[in-house]
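Colleague: Below is the structure I would like to discuss, written out as structure tokens.
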């Protein structure tokens, strides 16, 4: 190979090397841009997909019942006792929540049984509370019924948001919940069997909790008046 041919070949090889180097640099730059575009910026929260939904928390048997604070309609306005929370009763061996409605015949059918239960357990470490959730009812009417029937226990106002009824999945009245001293829900359901009042649920469950024994029947079907759900975006 003559000198001219050698020089031409060497120039071609050098040109190919330079071209290859430029191409590699360009590819490295492109890959860097792609990586930066796809890796999230550290410390910045990721946006949730539009279809993502928040998990709704609901009360469950043998699980802790979350704390709540509601206004007691029977307490003097502005007093320290006006706001009632579940946590304030943790010293009791049991807390009984009774969802009741004034305009519900089934609620008042059970009123004598509820009244007797209050009397029978008045000296025991049990706290009884009514939860008033029907948004279409007034404070005055439920308070008047309690006074007329000599029922003495806090009436918790759940009407504005119905948050407690929603969390507890309360759909009818009357409906009974029993929570033990550890804050765990141990019973949910009817007071007794509607077709046979000799088959009781609330009292045996309450007695078992007070005796430190397991509750045998933890749930039962409650028959009563449907609890009306407040329309969205409205408050009382």
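We did not get these values from a lab; they are worked out from the coordinates using the rules stated. Here the structure is a predicted model, which is why all the values come from computation and not from measurement. Here the Cβ is made from the backbone with ideal geometry for all residues, glycine too, and neighbour counts use every protein chain on show.
Colleague: Quick check: convex hull over the Cα atoms of the stretch 164-236, volume per residue in Å³, rounded to an integer?
Modeller: With only Cα atoms used, the stretch 164-236 gives 103 Å³ per residue.
Colleague: Something else about it: Which whole-number percent is the relative contact order of the stretch 134-236 (Cα, under 8 Å, 6+ apart)? Please report the intermediate quantities before stating the final value.
Modeller: On the way: 118 pairs, mean separation 30.7, N = 103.
Dividing the mean separation by the residue count of the stretch 134-236 yields 30 percent.
Colleague: I've got another one for you. Using 0.36 nm times the number of residues separating residue 120 and residue 199, minus their current alpha carbon distance, what extension gain do you get?
Modeller: On the way: separation 79, 0.36 × 79 = 28.44 nm, distance 1.82 nm.
Length gained, residue 120 through residue 199: 26.6 nm.
Colleague: Now a separate question. Kirkwood-based Rg over Rh for the stretch 109-236 (C-alpha set), two decimals?
Modeller: Numbers: Rg = 15.1 Å, Rh = 15.7 Å.
Rg/Rh: 0.96.
Colleague: Moving on. Sorting 176, 89 on the 10 Å Cβ count, fewest up front, what's the list? Don't skip to the end; give the middle numbers.
Modeller: On the way: 176 24, 89 18.
Ranking 176, 89 by Cβ neighbours within 10 Å, fewest first, gives 89, 176.
Colleague: Just to be sure I understand: of the beta bridges DSSP finds with both ends in the stretch 69-226, what percent are antiparallel, rounded to 5?
Modeller: On the way: 19 of 30 bridges.
Within the stretch 69-226, antiparallel bridges account for around 65 percent of the total.
Colleague: Let me ask you something else. Taking Cα centroids, how far is the stretch 61-130 from the stretch 180-236 in Å?
Modeller: Comparing the Cα centres of the stretch 61-130 and the stretch 180-236, I get a distance of 12 Å.
Colleague: Please arrange 104, 225 by how many other C-beta atoms lie within 10 Å of their C-beta, fewest to most.
Modeller: On the way: 104 20, 225 17.
Fewest-to-most Cβ neighbours within 10 Å comes out as 225, 104.
Colleague: Mind sorting 130, 74 by how few other Cβ atoms lie within 10 Å of their own Cβ, fewest first? Don't skip to the end; give the middle numbers.
Modeller: Working: 130 26, 74 20.
Ascending number of Cβ neighbours within 10 Å: 74, 130.
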